[in-house]
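*Asks:* Have a look at the structure that comes next, please.
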Amino acid sequence: MTVKQRAEFISSIRKLLLKRKAEVDSQLAEQSHEKLTDGMVQDSADEVLSLSMETLQNSLQRSEIDELHLMEDALARIDKGEYGICIDCSDPISEKRLESFPYAARCIVCQEAFEQ
Ligand SMILES: [Zn+2]
């Protein structure tokens with residue numbers, strides 16, 4: 001893959017990430033809005049607040065928030081020109097790995113070492 005192809009590849013991943021981020025953002029906004037509106041009917045303002053905190057902590061939403069953080073990390077690395085470079089060994093991460101896991105910050109070798 002040439003430098004130009006690599007740049008195009010990364011820019012297509014950036015588009016995917018932005019699209020996915022918009023989806024998760026609107027899902028999260030919808031969920032917290034729904035919960036807040038439900039709460040207002042029955043509860044005092046304080047309870048509404050704790051209710052929305054609970055909502056934030058439920059696992060479904062937490063996994064979306066985790067994903068959002070991963071996406072923001074990946075997008076920040078793209079903007080800094082560091083995307084697709086392993087944060088541990090500075091080797092390029094394979095396109096195949098980035099395609100199946102666009103949030104990858106490490107090459108497979110370093111990821112395996114990191115997880116052990
Ligand atoms: Zn590495």
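The values are calculated or read from the model by the stated rules, or taken from the named source; none is laboratory data. These numbers were taken from a predicted model, which means no experiment stands behind them. Heads up, the Cβs are rebuilt from the backbone with ideal geometry, glycines too, and the neighbour counts pull from every protein chain shown.
*Asks:* Taking only pairs six or more apart or across chains, which ones have beta-carbon atoms under 6 Å, a first residue in the range 93-108 that is assigned to a loop (DSSP other than H, G, I, E, B), and a second residue that is more than 15 Å from the ligand (Cβ to nearest atom) and among the β-branched types (Val, Ile, Thr)?
*Replies:* Between residues of the range 93-108 that are assigned to a loop (DSSP other than H, G, I, E, B) and residues that are more than 15 Å from the ligand (Cβ to nearest atom) and among the β-branched types (Val, Ile, Thr), the close pairs are Pro102/Ile13.
To keep it simple, each residue is scored yes or no on (1) more than 21 Å from the chain's Cα centre (by Cα); (2) modelled with pLDDT of 95 or more; (3) loosely packed, with under 12 Cβ neighbours inside 10 Å.
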residue: Ser26; (1), (2), (3): no, no, yes
residue: Ala29; (1), (2), (3): no, no, yes
residue: Gly39; (1), (2), (3): yes, no, no
residue: Gln42; (1), (2), (3): yes, no, yes
residue: Asp46; (1), (2), (3): yes, no, yes
residue: Gln61; (1), (2), (3): no, no, no
residue: Glu64; (1), (2), (3): no, no, no
residue: Ser100; (1), (2), (3): no, no, yes
residue: Phe114; (1), (2), (3): no, yes, yes
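*Asks:* Tell me which residues, restricted to the range 75-95, are within 19 Å of the chain's Cα centre (by Cα) and not aliphatic (A, V, I, L, M). Lay out the reasoning, then the answer.
*Replies:* Restricting attention to the range 75-95, the residues satisfying the condition of being within 19 Å of the chain's Cα centre (by Cα) are 75-87, 93, 95.
Hits for the range 75-95 are Arg77, Asp79, Lys80, Gly81, Glu82, Tyr83, Gly84, Cys86, Glu95.
*Asks:* How about the range 63-92: which of its residues are in contact (Cβ under 8 Å) with a residue 12 or more places away in the chain and part of a loop (DSSP other than H, G, I, E, B)?
*Replies:* Tyr83, Gly84, Cys86, Ile87, Asp88, Cys89, Asp91
*Asks:* Suppose we filter the range 85-107 for residues that are under 21 Å from Asp66 (Cβ atoms) and more than 9 Å from the ligand (Cβ to nearest atom); how many remain?
*Replies:* Summing the residues that are under 21 Å from Asp66 (Cβ atoms) and more than 9 Å from the ligand (Cβ to nearest atom) in the range 85-107 gives 9.
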